[in-house]
Amino acid sequence: MVAKKNDNNLLLKKQNVKFSNIIQLILGLVIIILANVINSHIFTRIDLTGEKRYSLSDATKEMLSQINDIVYIRVYLEGEFPAGFKRLSRETRDMLSEFRAYNKNIEFDFINPSNSSNNNERQQIYSMLIDKGLEPTDLKVKTKDGTSQSIIFPGAIATYRGREMSVNLLASKRGAPPEEILNNSIQNLEFGLADAIRKLVDDFRSKIAFIEGHGELTKNETADAYLGLSEYYSIHRVRLDGKLNSLSERIQLDSVTTKIKNKYEAVIIAKPDSVFSEKDKFIIDQFVMRGGKILWLVDPVFASMDSLQMNAETIGLNLDIGLTDMFFNYGFRVNNNLVMDLNALPIPIKVGDVGGQPQFEFFPWYYFPIITPTSDDPIVKNLNAIKTDFVSSIDFVESNQDIEKQVLLTTSKYSRTVNTPAYITLAILGEQPDERLYRKEFLPIAAKFEGKFQSLYKNRVPPEIADSKEINFQSLSQETKMIVIADGDVIKNQMQLSDGNYLPLPLGYDKYTGQQFGNKELILNVMNYLTDDSGLISIRSRELKLRLLDRTKIENERVYWQVVNTVLPVMLVIIFGVIQGIIRKRKYTQ
């Protein structure tokens with residue numbers, strides 16, 4: 001009787017356990033279904049990474065929220081890649097998924113351009129991608145039979161309402177190791193993709209102007225900068241000629257009130273070589289007072305390689321363009337010197353003839369410093385090295401104005417300055433430099449200024465001008481910005497003779513060495529910053545930490561770590577199983 005009662009209790013207990021398990025299963029399914037329903041209506045994510053790797057910036061979210069039609073993105077990162085490119089492909093997919101999570105109009109596909117077995121068809125696809133602006137990369141891929149050469153296109157093409165925009169996802173950086181290049185590429189993914197989408201969908205474009213009339217660089221000499229900027233802005237070329245309305249316009253608010261406002265958000269003054277009249281300086285000054293922004297690209301010293309083509313020596317002379325007092329008033333001075341740097345661009349020099357053919361060798365030309373950005377400022381962060389041409393140094397000037405000043409670009413720690421008149425000779429090429437002369441470190445050659453600037457003409461203009469409603473003279477500016485670079489050639493593209501015509505080369509490309517520098521990206525970033533262009537420039541300040549394995553430790557302790565990663569997990573599972581078995585045996589034996 002007792003045994004039967006115990007059996008009934010045991011049976012009842014098992015039924016209760018079974019019923020409880022069923023209830024828990026049903027409850028779990030209900031919770032999962034409810035969570036998915038809620039998640040489909042309320043989007044939220046938690047990013048636990050220290051650098052917020054998987055969180056979009058506010059500027060990107062704002063841009064995505066304004067897209068009301070399909071943006072289709074084809075990413076050409078599909079196929080057999082080394083680990084680094086697989087990571088770039090995975091991070092690109094994650095980034096686009098993040099975009100799509102904020103706006104369902106973002107659609108994308110990953111495509112393998114080398115998928116076709118037909119060689120002619122593959123070559124046609126390659127040519128099409130190159131024509132659209134994607135840059136190919138040669139890879140050596142390991143196979144069972146050894147290694148094979150492969151061409152990949154680490155980029156994407158975005159399409160919106162019939163318009164296309166290419167995005168190169170692999171960010172090159174001169175002298176950087178492959179791991180750092182890939183990390184920088186991943187770091188710039190949000191900026192590159194968001195910037196391309198913004199250029200496609202944004203119909204409004206700020207107006208900027210290249211100033212002419214003082215010997216500034218010509219349209220051909222700034223052709224590639226003009227082309228790059230035209231993707232963002234409405235570009236104009238303006239001659240001041242002393243006309244008050246060259247940079248401003250008058251808006252009649254009512255019968256008695258007239259408002260004067262700037263026509264342009266920012267202006268570029270690129271390598272002037274003649275004096276600015278007081279009228280033109282007054283026009284520029286009042287442009288700044290009304291909140292206008294300026295990119296100054298100026299050479300305080302006249303020095304040219306053209307002079308060295310006929311003679312092996314020349315003299316660098318002061319170039320007075322009449323802006324010294326204006327610069328001093330705004331808080332800086334562009335020095336009348338030339339900077340020499342041991343980290344310099346090599347130039348070709350004829351060293352002889354062989355069989356009637358001239359022979360050239362490359363020697364570093366210390367007057368052409370290669371500037372490697374080291375600042376964390378978003379304008380220059382992660383940029384490739386910058387090519388310069390007879391650059392000068394910049395000093396800050398103390399003033400009572402409420403202006404923030406920050407250096408953007410500097411020389412290396414092996415620099416010197418040569419004051420004018422500067423004797424320049426090709427004789428230094430091929431000679432071992434005296435390093436004792438190159439002891440000046442990190443000389444500033446570019447800087448930015450923000451705040452409220454005081455007019456150069458405060459207390460200097462007569463009452464009839466100061467009180468004129470037509471002129472509307474301002475003695476203190478609105479909050480505004482300007483950037484000065486002490487080398488006008490930073491924005492100048494080289495020219496190449498083709499079929500009897502001189503055609504512009506890409507900005508930053510050096511036709512002698514075949515190297516591509518970051519000049520174009522610098523100019524685009526500067527103008528993005530000056531025009532407050534959607535705040536996307538702030539995305540560049542994001543830093544993803546490069547967490548690489550210690551290669552030396554891997555080689556020295558290879559066997560140890562192989563054992564730890566293969567044997568230890570198995571041993572832990574076995575030990576856990578034995579302990580679990582002992583516990584169960586004791587429990588059910590009782």
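The values are calculated or read from the model by the stated rules, or taken from the named source; none is laboratory data. Being a predicted model, the structure only gives us computed values, none of them experimental. Methodologically, a virtual Cβ is constructed for each residue, glycine included, from the backbone with ideal geometry; neighbour enumeration extends over all protein chains shown.
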Checked Asp341, Asp353, Asp376 against criteria (buried (at least 22 other Cβ atoms within 10 Å of the Cβ) and over 30 Å from Leu247 (Cα atoms)); the one match is Asp341
Over region 311-326, the set of residues in a helix (DSSP H, G or I) and of a type in the set (Ser, Thr, Tyr) is Thr324
Picked from region 541-585 (must be among the polar types (S, T, N, Q) and at pLDDT below 75), the residue farthest from Asp58 (Cα to Cα) is Asn556
Residue hits (region 358-385; of a type outside the set (Phe, Trp, Tyr), at pLDDT 90 or above and in a strand (DSSP E or B)) are Pro364, Pro369, Ile370, Ile371
- Message: When you scan region 490-497, do you find a residue that is of a type in the set (S, T, N, Q), loosely packed, with under 12 Cβ neighbours inside 10 Å, modelled with pLDDT under 95 and outside any loop (DSSP other than H, G, I, E, B), even just one?
- Response: no
When every residue in region 118-174 that is among the acidic types (Asp, Glu) and surrounded by 12 or more Cβ atoms within 10 Å (Cβ to Cβ) is compared, the one modelled with the lowest pLDDT is Glu135
Exactly one of Ile347, Ile321 is more than 21 Å from Pro444 (Cβ to Cβ) and crowded, with 17+ Cβ neighbours inside 10 Å, and that one is Ile347
Residue pairs qualifying under the 6 Å Cβ cut-off, at least six apart or on distinct chains, with the first in region 302-318 being in contact (Cβ under 8 Å) with a residue 40 or more places away in the chain and the second being loosely packed, with under 13 Cβ neighbours inside 10 Å and of a type outside the set (A, V, I, L, M, F, W, C), are Glu313/Thr425; Ile315/Pro421; Leu317/Pro421
Practice task
State whether the residues of region 339-357 include one that is in contact with a Lys or Arg (Cβ under 7 Å, 6 or more places away or on another chain) and assigned to a strand (DSSP E or B).
Solution key: yes
Residue pairs qualifying under the 7 Å Cβ cut-off, at least six apart or on distinct chains, with the first in region 455-475 being among the basic types (Lys, Arg) and the second being modelled with pLDDT of 90 or more, are Lys458/Ser475
A careful count of residues in region 456-476 that are assigned to a loop (DSSP other than H, G, I, E, B), among the charged types (D, E, K, R) and more than 24 Å from Gly331 (Cβ to Cβ) gives 3
For region 48-69, does any single residue satisfy the condition of being at pLDDT below 75 and on the phi > 0 side of the Ramachandran plot?
yes
Exception for Ser412 within (1) in contact (Cβ under 8 Å) with a residue 24 or more places away in the chain; (2) assigned to a loop (DSSP other than H, G, I, E, B); (3) out of contact with any Pro (no Cβ under 9 Å at 6 or more places or on another chain) falls at (3)
Within region 70-83, restricting to residues that are farther than 15 Å from Ala194 by Cα and at pLDDT 85 or above, the one that is surrounded by the fewest Cβ atoms within 10 Å (Cβ to Cβ) is Glu78
> Taking the condition at negative phi and assigned by TED's automatic domain parsing to the domain that holds Ile284, does Asn501 pass?
Replying inline: yes
Checked region 88-105 for anything surrounded by fewer than 20 Cβ atoms within 10 Å (Cβ to Cβ) and either at positive phi or of a type in the set (Gly, Ala, Ser) (or both); matches are Ser97, Ala101
Scanning region 498-531 for residues that are in a loop (DSSP other than H, G, I, E, B), more than 19 Å from the chain's Cα centre (by Cα) and of a type in the set (Gly, Ala, Ser) gives Gly500, Gly514
Open item on the list: Can you find a residue that is over 29 Å from Asp94 (Cα atoms) and at pLDDT below 75 anywhere in region 30-44?
Closed with: no
Would you call Arg237 over 30 Å from Ile67 (Cβ atoms) and modelled with pLDDT of 95 or more?
yes
Condition test on Asp280, is it in a helix (DSSP H, G or I), out of contact with any His (no Cβ under 8 Å at 6 or more places or on another chain) and surrounded by 14 or more Cβ atoms within 10 Å (Cβ to Cβ)? no
